[in-house]
Amino acid sequence: MTDQIPPDPVPHVLILGGTGEARALASTLAGTDIAFISSLAGRVKHPRLPVGPVRIGGFGGPAGLREWLQSNRIQAVVDATHPFAATITRSAARAAADAGVPLLRLRRDPWVPGDTDTWICVPDLPAAARQVAARGRRVFLTTGRQDVGVFAGIDSAWFLIRVVDAPTGALPPHHEVLRSRGPYDHRSERELLRNNDIDLLVTKNSGGTLTSAKLAAASELGIEVIMVDRPAEPDTPVVSDVGAARNWLEELSG
């Protein structure tokens with residue numbers, strides 16, 4: 001874990017990051033009177049770092065995060081983590097409430113299906129695996145390296161598994177791993193689906209534009225999409241716009 005604590009200007013702000021929104025918020029705060037530090041979980045070997053001070057590593061659950069907030073005199077928290085980072089989002093809500101620190105959730109809007117999309121929405125990854133076992137022949141799997149093991153028992157389909165870092169855990173018997181990092185464009189995604197004869201796309205409803213081109217390409221090619229719904233989150237104030245998050249921090253700072 002690495003900590004670079006910012007100087008004393010108030011308020012001290014903790015940005016829980018690892019997303020494009022978190023990096024954008026750090027960029028827009030740089031050069032202002034709002035002193036902030038970004039925190040990354042450290043799950044990606046070579047993450048895209050935001051501007052400004054950064055800490056990498058976990059906090060040790062809600063109690064550890066509460067202690068960190070108090071010891072570093074943090075006066076506001078912006079949870080700009082991934083929509084599927086449910087553990088840290090729950091920890092942040094509990095720790096901020098216990099420490100009496102205002103918290104804002106900066107969360108990108110989810111994707112919604114268009115008229116030409118064929119989506120099968122499921123509540124979680126095990127449900128997605130059951131759909132794949134029943135439907136898939138050649139599957140494009142984009143749920144992240146830590147979730148590939150959920151599909152390891154499916155031997156009736158071939159998987160093209162796209163990840164940034166190598167998958168952890170067991171893999172399906174028939175697969176190819178494609179390591180790459182977005183953003184992706186519509187043309188290259190369409191070619192990828194065509195060249196691999198994909199008939200089923202499996203993804204989480206992450207939202208945003210970084211990886212949305214695969215959905216447009218799937219729609220154009222008539223490919224079904226298994227869409228994993230987002231997990232439930234604590235009842236905290238939410239914005240989907242970086243500018244709104246900055247305005248919230250500016251109002252707190254007076």
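I'd like the per residue volume of the convex hull spanned by the Cα atoms of the chain, given in cubic angstrom.
126 Å³
To the nearest Å, what is the center-to-center distance of the range 83-98 and the range 189-254, using C-alpha atoms only?
Value for the Cα centre distance between the two parts: 20 Å.
For the chain, what is the calculated [θ] at 222 nm in deg cm²/dmol (nearest 500), taking -39500 (n - 2.57) for each run of four or more DSSP H residues and dividing by its residue count?
Rounded to the nearest 500, it is -9000 deg cm²/dmol.
Need one number: % antiparallel among DSSP beta bridges in the chain, to the nearest 5.
5 percent
Could you give the dipole magnitude of the range 70-184 about its Cα centre, charging the beta-carbon of Lys and Arg +1 and that of Asp and Glu -1, in debye to the nearest 20?
160 debye
Roll a 1.4 Å probe over the protein heavy atoms and report the accessible area of Ile88 in Å², nearest 10.
About 50 Å², ignoring ligands and nucleic acids.
Using the Karplus curve 6.51 cos²θ - 1.76 cosθ + 1.60 with θ = phi - 60°, work out ³J(HN,Hα) for each residue of the range 157-167 in order, rounded to whole Hz, and write x for Gly and Pro.
Along the range 157-167, the couplings run 9, 9, 10, 9, 9, 9, 9, 7, 9, 4, x Hz.
Cβ under 14 Å from Glu21's Cβ, Glu21 left aside: what net charge do those residues give with Lys, Arg +1 and Asp, Glu -1?
Here the charged neighbours net out to +3.
Give the residue list of trypsin sites (Lys or Arg not before Pro) in the range 151-191 that are DSSP loop and have at most 14 other beta-carbon atoms within 10 angstrom.
Values: sites: Arg162, Arg179, Arg181, Arg187, Arg190; in loops: Arg181.
Sparse-neighbourhood loop trypsin sites (Lys or Arg not before Pro): Arg181.
For the range 127-177 and the range 32-48, what is the separation of their Cα centres, given in Å?
After rounding, the separation between the Cα centres reads 30 Å.
Measuring with a 1.4 Å probe in the full set of protein chains, what accessible area per residue, in whole Å², belongs to the chain?
Values: 12020 Å² over 254 residues.
In whole numbers, the chain has 47 Å² accessible per residue.
Using a 1.4 angstrom probe on heavy atoms only, work out the carbon and sulfur share of the accessible area of the chain in %.
Here it works out to 49 percent.
The values are calculated or read from the model by the stated rules, or taken from the named source; none is laboratory data. This is a predicted model, so every value here is computed, not measured. All Cβ positions, even for glycine, are placed from backbone atoms using ideal geometry, and neighbour counts span all protein chains on display. Just the protein is used for accessible areas: all its heavy atoms, side chains included, with ligands, DNA and RNA removed. Shrake-Rupley method; radii C 1.70, N 1.55, O 1.52, S 1.80 Å.
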